[in-house]
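The values are calculated or read from the model by the stated rules, or taken from the named source; none is laboratory data. For clarity, every value in this text was computed on a predicted model and none was experimentally measured. A quick note on method: Cβ atoms are made from the backbone with ideal geometry, for glycine too, and the neighbour counts reach across all protein chains shown. Note: accessible area is taken over every heavy atom of the protein model, side chains too, but ligands, DNA and RNA are not part of it. Shrake-Rupley method; radii C 1.70, N 1.55, O 1.52, S 1.80 Å.
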Amino acid sequence: MNTLITDVLHYYQEPHRRYHTWDHVMDMVSRYLKHRSHYKLERWEEEILIEAIYWHDVVYHIPKKELSNE
């Protein structure tokens, strides 16, 4: 598996995460795909959107005292 993909998956599986997980990312992709005809994006725009979904929460550092943000 590509090292970059492995790193992304690793971040989304961090133990402090409750909501911002890989399941959250896949849910967002699924929702987009379900409604894609509404947006009428060009292929390159769709690729950028899906890439943005993959990366949008990859780094999610919050102070220990505020773990409820997750």
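Please verify whether the range 29-50 includes one or more residues that are free of Cβ contacts under 8 Å to residues at least 24 places away in the same chain, on the phi > 0 side of the Ramachandran plot and not in a helix (DSSP H, G or I).
yes
Please tell me if GLU14 is more than 20 Å from TYR60 (Cβ to Cβ) and surrounded by 11 or more Cβ atoms within 10 Å (Cβ to Cβ).
no
Quick one: THR6 ticks every box in (1) open to solvent by 70 Å² or more (accessible area, probe 1.4 Å); (2) modelled with pLDDT under 90; (3) not in a loop (DSSP other than H, G, I, E, B) except a single one, so which number is it?
Among (1) open to solvent by 70 Å² or more (accessible area, probe 1.4 Å); (2) modelled with pLDDT under 90; (3) not in a loop (DSSP other than H, G, I, E, B), THR6 violates only (1).
Restricting attention to the range 16-24, does a residue exist that is hydroxyl-bearing (Ser, Thr, Tyr) and assigned to a helix (DSSP H, G or I)?
no
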